[in-house]
Structure formats: C-alpha cells, structure tokens
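We did not get these values from a lab; they are worked out from the coordinates using the rules stated. Because the structure is a prediction, the values reported are computed rather than measured. Here the Cβ positions follow ideal geometry from the backbone for every residue, glycine too, while neighbour counts run over all protein chains shown.
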Amino acid sequence: MSEFVTRIKVRHYELDTLGHVNHAVYHQYAEVARFEWFRHMGGDELAEGGLTIAPVLLETRVWFLRELRNGEEIDVTCDATFGDGKTFTMYSEIRKLDGTVSAKIECVLGVMDLNRRKLVDKPVEALRELGLRV
C-alpha cells in the first residue's frame, strides 16, 4: 500500500511554554492523518456514524526527533500494515516541508464490532466489507 500524506499548518495555540508544539499535539496530528487516510480509502461513512463496526486506536508510540514551531507547515504520512491477527499497524511520520522528520509514530489499531464491543478477527476484511480500498 502506498503512503498517504496530509498537510497541516502548526497553529499558535498548539505551542507549549518553550515555544514549540506540545507533545500531545503530535498525537492529534497523527489522528487527523489517520482519519483522512480512512476517508481517502473510501471510508466517508465512518465520519457519519451509524455503523456496526469502526476502527479503534489501541496503542500509540511517538519518537520526537525535531521541534515544530508556529506557522510551519508539515506533512503527516500514513501507511497501514495488515497481518493475520485482530490488529493492524499504522506508521506515520511528521515531516517539515524541507523533508526533515520531526516525529515518527506507530499505532496499533483494531476494528471493533460496536454491538458486541469486541474486536473483529480480520480487520482488513471487515474494512473491505465497508467498501474501503485497503
């Protein structure tokens, strides 16, 4: 699967007292990119609700490499890897426009059956049944 990219502009209210992006905001940037990735893959209905299954974030890890400052534009990438289990992994990078990697993010996700409140066995198949091109 090819890498997907979302562009985001750093806003002044995302800064901490040191003048660079607060650590928690990196998670928000990754969430924006994941949401856009799902939409790009054909998951517009995920945003509308009313589904019986939905992707859920189970775990996330961030490696902070270079600071980001107010007004900088960044590209946030997404690349999903599916295996045989109940979870899949989303890899992201937050890159400055000059190519400098500011952070790397690894997330473990699953697809939850919202009625049973349990993860489905094969998330890639469940997402394809929703019409996603994964």
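Between Glu125 and Glu59, residue separation times 0.36 nm minus the direct Cα-Cα distance comes to 21.7 nm. Considering only His23, Met90, Leu109, and ranking their Cα positions along the charge dipole of region 4-129 that arises from unit charges at the beta-carbon of Lys, Arg, Asp and Glu, the one farthest toward the positive end is His23. Annotation for Thr89 and Leu15: the two label points, set 7 Å from Cα along the Cα-Cβ direction, are 3.6 nm apart. With respect to the chain, whose longest principal axis is taken over its alpha-carbon atoms, helix 23-40 is tilted by about 50°.
The charge dipole of region 4-129, taken about its Cα centre with unit charges on the Cβ atoms of Lys, Arg (+1), Asp and Glu (-1) only, comes to about 180 debye. Projecting the Cα atoms of Leu130, Tyr13, Cys78 onto the charge dipole of the chain, computed from C-beta unit charges around the Cα centre, puts Tyr13 farthest toward the positive end.
Assign one of three labels to region 1-117, namely rounded, prolate or oblate, based on the Cα gyration tensor with a ≥ b ≥ c the square roots of its eigenvalues; rounded applies when a/c is under 1.5, prolate when it is not and a/b is larger than b/c, and oblate otherwise. Each step should come with its number before you reach the end.
Values: a/c = 2.00, a/b = 1.86, b/c = 1.07.
Prolate.
Taking region 94-134 and a reference point 7 angstrom along Cα→Cβ of Asp44, the backbone N atoms nearer than 19 Å belong to 127-134.
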